[in-house]
Each structure stands twice: as C-alpha cells, then as structure tokens.
Amino acid sequence: MLRLLGYLLNQGVVTSKEYCEPLSDGVGLPDFSDQPCAGSECNECLSVCPTDAISLISAETGGEVRLDLGACIGCSMCVRACPEETLVNSKNTAVARFNREDLVISSIERKVAEPMPKTKSLFSRSIACRVVSTGCSACDLEIAACGNSIFDMERYGIHIVASPRFADVLLVTGPVPKAMHDALKSCYEAMAEPRRVIAVGTCATSGGLHKGGYAEANGVDSLLPVDLYIPGCPPHPWSIIDGIKKVMAGRGTR
C-alpha cells in the first residue's frame, strides 16, 4: 500500500490547469489567415470539401470565402489545398456558439466571440447532462474524455446522469436519423423545465456527411429547439466543456 501511495505521489498532478488550452499545429477547425483569397480563379477549397461547407464570392479585389463550421468535419483538406494559404488550422477550442448562423465565418468579416457572462444563473454552480447518441459514437468518446483526470469536467460542476428525469441538459450526438426521432423526443419530454439542448458535433449541428439523405439525418434543430452548437467531428473535450459552461452561465436561454 505504501509503495502504491508513493508511486501515485511521484506522478504529480496531470489535471490541466489552463482552461481551453490551444491545440497543436496542423490540427483543429479551419480559420482564415491574413492572406487574401484568389477568388473564383482558384476554387481549390470548394472542390475538395466533402460537406459543401465552403462558399466563395468573387470580387475585383479577390474573393470572400465563407466557411460553415457547423457543416465542417475538420478534415483539413481545404487547408492543404489552398495555394494562397488563406485557410489555416485554428488552435482555438472555444468554438461553441448559441446561434447557428454564428458558425458561418467569413474571410472578410471577422466575428468576435462573445465573452463568458459573469452573471449567475440557475445552473451556475452545477449542471446534470444526459447524453443521447444517434451516430458513430466518436463524439461520445470525447464526452467520456471530458471526465478523465486531464480535463476533469466535474471540477466545473458538470455531471453525466443516466436518466433524463434527472437531467438539466440533453447532449445530442450524431446526425439524428429518422429511426431516432421518437426516442429523442421521448427523452426530451421526460426532462423537467428548465431544460436545455446542446448539439455536440458537426452531425448533430447540420447532419454532416449524412444530411439530405433518405434517413432524414439532418441534425437536431429540425426536431428540437437547440440552445447551443458545438462544431467539430468530433469536438475537442475542451470545446465540449466550454460549451456546457456557457449554458451554465445562462446565455441562450429560451
């Protein structure tokens, strides 16, 4: 027992002290650099995007690139294909947004992220989350990682519960195909007010690669009111924790 205790003490503290640590080089959702876009003369980023998350508006001075992070799967093919280096990987993990349209970013019009509110809300000290998986479970693995010793989401008062009757927040992962519509509605209806819904990942936000198909897998907001969107395929654990904390702070309430 003493040997085991000594071993544990020598390992030190692995829990991250820095909130929303930046990512390493070459990974993360795409963002824009200061390099101008060549416009319609290029179109390389459009041709390689598998989810049609990129649109291009040509102008005399070049072009405006619009990127829908809610449809982006983070494959980085557009970053590698861009000859002008207009597109780069973002190291930012605080990417959750309350409004779907705020996930559409532009190379010309830069949006400033809203700061975390300082006012207290009903969930400011603790919040209970119920996870409903409707997809490949990649996002579920990242939610599970939020509870490990590195991220330790429980230090922020975030808890995962087994029953929707004990939950404040419904964390929905996957594209929500038709076969899951009734089950998801039943889970939502079993929750007591005030209840919140968070779309975790690209599939839950827009359907991702599955949108527009026969399975009607077009995300959560066609079925339930969504309070927060967390982009990524899958999102980083810090992105998930940051999104839940924003709901805890009381923003986006209905």
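The values are calculated or read from the model by the stated rules, or taken from the named source; none is laboratory data. None of the values given here were measured: they were computed from a predicted structure. Heads up, the Cβs are rebuilt from the backbone with ideal geometry, glycines too, and the neighbour counts pull from every protein chain shown.
Numbers below:
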{"item": "Number of positions in the range 83-139 that are in a loop (DSSP other than H, G, I, E, B), under 18 Å from the mean Cα position of the chain (by Cα) and modelled with pLDDT of 90 or more", "result": "13"}
{"item": "The range 160-201, residues that are within 18 Å of residue 136 (Cα to Cα) and in a loop (DSSP other than H, G, I, E, B)", "result": "174, 175, 176, 177, 201"}
{"item": "Test: residue in the range 236-246 that is part of a loop (DSSP other than H, G, I, E, B), closer than 19 Å to residue 69 by Cβ and in the same structural domain as residue 166 (by TED's automatic domain parsing)", "result": "yes"}
{"item": "Residues of the range 166-182 that turn out to be within 19 Å of residue 214 (Cβ to Cβ) and either surrounded by 13 or more Cβ atoms within 10 Å (Cβ to Cβ) or not acidic (Asp, Glu) (or both), as a count", "result": "8"}
{"item": "Top-ranked residue of the range 90-101 - restricted to ones that are buried (at least 18 other Cβ atoms within 10 Å of the Cβ) and touching a Gly at 6+ places or on another chain (Cβ under 6 Å), ranked as nearest to residue 232 (Cα to Cα)", "result": "96"}
{"item": "The range 1-55, subset modelled with pLDDT under 80 and assigned by TED's automatic domain parsing to the domain that holds residue 66, residue surrounded by the most Cβ atoms within 10 Å (Cβ to Cβ)", "result": "39"}
{"item": "Total residues in the range 188-203, condition crowded, with 23+ Cβ neighbours inside 10 Å and touching an Asp or Glu at 6+ places or on another chain (Cβ under 9 Å)", "result": "6"}
